[in-house]
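The structure under discussion appears below in the form of structure tokens.
The values are calculated or read from the model by the stated rules, or taken from the named source; none is laboratory data. Every value quoted in this text rests on a predicted model; they were computed, and no experiment measured them. When we count neighbours, we look across all protein chains shown, and the Cβ atoms used for this are built from the backbone with ideal geometry, even at glycine.
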Amino acid sequence: MSVSALPPVRPISLADIEAARTRIAGTILRTPLVRLELGPGYPDIRLKLENLQPINAYKLRGAANAVAMLGEAERARGVWTISAGNAGQGVAYAARKAGVPCKVVVIETAPAAKLERMRALGAELVMVPFDVAWKALEEHAFEGMDGTLVHPFDDHDFIAGHGSMGLEILEDAPDTAAVIGAVGGGGLLAGVGSALKAMKPSVKVFGVEPATAAPFSVSYAAGGPREFPDWEASFVDGAGGRSVIPRMWERMRPVVDGALVVSLEQTRQAMRLMAEKARVIAEGAGALALAAALAGQAGDGPIVAIVSGGNLDLAKFCELIGE
Amino acid sequence: MADDSLLTLADIEAARARIGPYVRRTPVLTSDVLDAAAGAKLYFKCENLQHIGAFKARGATNAVFSLSDAEAAKGVATHSSGNHGSAVARAAGLRGIPAFIVMPKGAARPKAQQVERLGGRITYCENTQAAREAMTAKIIAETGATLVHPYDNRKVMAGQGTAALELMEDAPPLDIVLCPIGGGGLISGSATAVKAISPTTRFIGAEPAGADDAARSYAAHRLIPLTEVHTIADGLRASLSPDTFAHIEARVDAIVTVSEAAIVGAMRALWEALKIVVEPSSAVPYAAIREGRVEVAGKAVGVILTGGNVDLDKLPWLSEGTR
């Protein structure tokens with residue numbers, strides 16, 4: 001399928017999100033929203049702990065919704081996705097829970113632990129070079145896959161599932177003034193932003209990226225999807241792409257109020273602070289929002305910082321938070 | 001043994017109503033990785049995500065809010081260098097009364113800082129049990145404050161039992177529930193709640209082999225206090241009181257002990273799989289599962305994770321060479 005043949009992007013409605021929420025209730029954890037106790041002089045920050053989901057990332061929401069929407073025939077043929085990361089684990093987990101076969105196209109250099117986790121969840125893995133995986137992502141197709149693709153970000157139902165998080169946030173903290181979420185593919189922000197803007201338009205929705213990989217920030221300044229010129233790899237491997245995909249730009253732009261950027265050092269400090277004060281482990285991408293909130297980039301609050309995930313090697317985590 | 005002198009489910013339900021506005025209903029987490037390793041379904045009640053990072057917030061809040069206004073006006077006192085001191089300081093702050101906390105000289109600086117931040121008034125004494133008790137008695141004589149013992153107090157015991165009450169509601173029917181044993185406050189309240197709700201559920205206590213007074217006392221049917229303590233689980237170094245022992249005798253089905261190596265291994269496994277920070281004491285029940293001290297195959301097992309206050313720069317798996 002060529003990109004032009006993809007169904008046009010349409011807004012994620014509140015009804016889509018509410019329906020998703022009902023569908024996924026038995027599969028996901030309604031994660032806690034906890035106040036970060038920092039004492040006087042700090043903004044009022046609450047953490048939405050998506051790292052506590054059964055696969056330790058918010059992606060399970062979208063995956064569970066997409067899988068739950070399959071018809072009988074589609075269920076039998078199974079689902080497939082393209083990801084060695086949190087989306088792959090989410091789809092594998094949701095598929096296993098629903099009794100649906102699952103294949104995952106993964107980059108052959110992905111960490112063994114992540115591949116093992118997906119195999120343990122019953123997924124069949126197809127190993128390919130990076131360029132092949134990227135092409136499959138862009139084309140929404142891969143030779144030999146006949147089941148339903150659950151695209152790891154550019155998928156209406158997947159994003160609607162993420163939106164359920166926005167409903168929970170406003171139920172637990174109706175006074176929320178700002179919500180910050182990391183931007184990788186853009187699905188998190190598109191989903192949560194759609195929910196928030198439908199329920200409480202005055203809430204400010206911010207995307208955040210690491211300074212070393214901030215195409216959304218560049219795109220936001222330019223008013224259209226752009227590449228990030230000096231992209232660098234870092235421990236923040238779950239956010240900050242090389243570019244913003246035009247279809248994802250189209251989804252995010254109407255529901256986002258600003259693009260924030262934090263340094264790797266700020267991110268590292270936010271990871272440590274969370275371990276100390278909230279007693280949770282966040283991966284780099286999961287700490288970006290808190291780092292931006294602490295830097296005062298989202299006002300005085302109440303701010304909700306989405307802790308999107310916690311999947312990183314423990315030895316690496318300990319090294320990063322060591323002083 | 002006649003049970004009519006012991007705590008009842010009504011005591012724990014009353015505690016829940018009293019402390020409801022001041023404590024968190026903590027999440028119950030699951031992990032397919034830990035389930036696969038154990039061959040069982042494990043449900044982790046995450047009290048490390050409680051206020052002050054430990055279940056102790058529950059018991060202290062119940063004790064402080066059970067006082068009459070006249071009693072409360074004179075304040076509360078306790079001796080604890082750990083989580084209970086913070087819990088009493090916090091609860092007293094919420095009620096707007098003074099908290100006198102006796103701590104040994106040389107107590108870890110972060111713990112003293114946390115007590116101060118919560119408004120507790122610290123008095124330092126020599127690091128012996130006798131000195132702590134003498135100093136606390138002196139303060140009580142001078143101020144008229146009420147002692148809130150860390151475990152030998154029915155209101156504290158009942159408050160600690162509220163976590164198990166929530167676990168029984170939020171998890172599917174459980175075959176076994178496990179918690180660690182220090183002074184016995186948590187297990188007294190928890191076993192009371194669990195056995196009242198589900199008499200067929202087995203309640204098992206776990207403690208370090210290096211602080212095994214409960215196991216010895218349980219086997220001998222008489223209280224045998226600790227004479228020597230050797231464990232990394234710093235929250236479990238206290239000895240049972242006659243009252244907590246009576247609850248254990250009446251309501252606990254078995255007590256198992258675990259090695260120090262198993263505690264560290266279990267702590268690390270919990271960090272890795274659940275993405276949460278738990279302290280060594282918290283890891284003791286899961287260590288018992290991991291070390292095969294409890295037969296869990298095919299069972300639904302509830303595990304109370306008690307707290308998450310650790311020195312991030314002194315993690316037990318960070319030996320010199322690996323930093």
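Condition (residue is touching a residue at least 24 places away in the same chain (Cβ under 8 Å), more than 13 Å from A:I82 (Cβ to Cβ), touching a Phe, Trp or Tyr at 6+ places or on another chain (Cβ under 7 Å) and part of a loop (DSSP other than H, G, I, E, B)) applied to segment A:172-185: is it met by at least one residue?
Yes; the residues of segment A:172-185 include at least one that is touching a residue at least 24 places away in the same chain (Cβ under 8 Å), more than 13 Å from A:I82 (Cβ to Cβ), touching a Phe, Trp or Tyr at 6+ places or on another chain (Cβ under 7 Å) and part of a loop (DSSP other than H, G, I, E, B).
Working carefully through the options B:G302, B:G298, find the one that is more than 16 Å from B:A233 (Cα to Cα) and surrounded by fewer than 24 Cβ atoms within 10 Å (Cβ to Cβ). Explain how you work it out, then say what you get.
Values: B:G302 fails: surrounded by fewer than 24 Cβ atoms within 10 Å (Cβ to Cβ).
Just a single option satisfies the conditions, and that option is B:G298.
What number of residues in segment B:20-45 are under 15 Å from the mean Cα position of the chain (by Cα) and within 8 Å of another protein chain (Cβ to nearest Cβ)?
Count: 1.
Go through (1) buried (at least 18 other Cβ atoms within 10 Å of the Cβ); (2) in contact (Cβ under 8 Å) with a residue 40 or more places away in the chain; (3) away from every other protein chain (no Cβ under 12 Å); (4) part of a helix (DSSP H, G or I) and name the single condition A:E18 misses.
(1)
Evaluate segment B:251-261: report whether one residue or more is at pLDDT below 95, touching a strand residue (DSSP E or B) at 6+ places or on another chain (Cβ under 8 Å) and more than 14 Å from chain A (Cβ to nearest Cβ). Can you show your working first?
Within segment B:251-261, the subset at pLDDT below 95 is none.
No; the residues of segment B:251-261 include none that is at pLDDT below 95, touching a strand residue (DSSP E or B) at 6+ places or on another chain (Cβ under 8 Å) and more than 14 Å from chain A (Cβ to nearest Cβ).
Could you go through segment B:4-16 and let me know if any residue there is under 15 Å from the mean Cα position of the chain (by Cα), modelled with pLDDT under 95 and more than 14 Å from chain A (Cβ to nearest Cβ). Give the steps one after another, and end with the answer.
Here is the first cut: in segment B:4-16, the residues under 15 Å from the mean Cα position of the chain (by Cα) are none.
Checking segment B:4-16: not a single residue is under 15 Å from the mean Cα position of the chain (by Cα), modelled with pLDDT under 95 and more than 14 Å from chain A (Cβ to nearest Cβ).
Hey, among the residues in segment A:75-90 that are more than 14 Å from every other protein chain (Cβ to nearest Cβ) and within 16 Å of the chain's Cα centre (by Cα), which one's surrounded by the fewest Cβ atoms within 10 Å (Cβ to Cβ)? Lay out the reasoning, then the answer.
So in segment A:75-90, the residues more than 14 Å from every other protein chain (Cβ to nearest Cβ) come out as A:75-85, A:87-88.
Of the ones still in play, those that are also within 16 Å of the chain's Cα centre (by Cα) are A:81-85, A:87-88.
On the way: A:T81: 33, A:I82: 29, A:S83: 27, A:A84: 21, A:G85: 23, A:A87: 28, A:G88: 30.
Per the criteria, the residue is A:A84.
Output the helices (runs of 4 or more DSSP H) that fall wholly within segment A:245-323 and possess 1 or more residues being within 30 Å of B:E47 (Cβ to Cβ), more than 14 Å from chain B (Cβ to nearest Cβ) and of a type in the set (S, T, Y), or say none. Don't jump to the end; show me each part of the working.
Numbers: elements: A:246-252, A:264-273, A:284-294, A:314-321.
Per the criteria, A:264-273.
Is one or more of the residues making up segment B:306-317 surrounded by 24 or more Cβ atoms within 10 Å (Cβ to Cβ), touching a residue at least 40 places away in the same chain (Cβ under 8 Å) and more than 9 Å from every other protein chain (Cβ to nearest Cβ)?
Within segment B:306-317 (the criterion being surrounded by 24 or more Cβ atoms within 10 Å (Cβ to Cβ), touching a residue at least 40 places away in the same chain (Cβ under 8 Å) and more than 9 Å from every other protein chain (Cβ to nearest Cβ)), the answer is yes, since at least one residue qualifies.
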